[in-house]
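Inspection log for the structure reproduced underneath, given as structure tokens.
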């Protein structure tokens, strides 16, 4: 019995918290995702899905941050995308 399609490799990506001048919501998402990819020991080509926690309204003057936008900025081509919330 193989492990294919049964397990996920997960990494954690931390970023600074709070209001940080010169940073956008998207920049925090991209930094966290890049850090998580590195933490998991993966290359971008290894990633077949992207699930972002909770879709929040954009900050004033900023574009909407979606899993599709994050994937695009990171150069990912995942088979599935999702925004999850509990």
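The values are calculated or read from the model by the stated rules, or taken from the named source; none is laboratory data. Since this is a predicted model, take the numbers as computed values, not measurements. Because the Cβ atoms are built from the backbone with ideal geometry, glycine has one as well, and the counts that use them run over all protein chains shown.
Given the residues 76, 30, 42, 50, which is the only one that is under 16 Å from residue 12 (Cα atoms), without any contact (Cβ under 8 Å) to a residue 60 or more places away in the chain and assigned to a loop (DSSP other than H, G, I, E, B)?
Numbers: 76 fails: under 16 Å from residue 12 (Cα atoms); 30 fails: assigned to a loop (DSSP other than H, G, I, E, B); 50 fails: assigned to a loop (DSSP other than H, G, I, E, B).
Going through 76, 30, 42, 50 in turn, the sole match is 42.
Condition first: surrounded by 10 or more Cβ atoms within 10 Å (Cβ to Cβ), at pLDDT 85 or above and assigned to a strand (DSSP E or B). Can you find one or more residues in the stretch 5-21 that meet it?
no
Can you name every residue in the stretch 26-53 that is surrounded by 15 or more Cβ atoms within 10 Å (Cβ to Cβ) and over 12 Å from the mean Cα position of the chain (by Cα)?
Step one: list which residues in the stretch 26-53 are surrounded by 15 or more Cβ atoms within 10 Å (Cβ to Cβ), which gives 26-37, 40, 47, 50, 52.
Selection gives 40 alone.
Determine, yes or no, whether residue 56 is within 23 Å of residue 22 (Cα to Cα) and either at pLDDT 85 or above or not in a strand (DSSP E or B) (or both). I'd like the intermediate steps shown before the answer.
On the way: within 23 Å of residue 22 (Cα to Cα): yes; either at pLDDT 85 or above or not in a strand (DSSP E or B) (or both): yes.
Considered against the rule, which asks whether it is within 23 Å of residue 22 (Cα to Cα) and either at pLDDT 85 or above or not in a strand (DSSP E or B) (or both), residue 56 comes out as yes.
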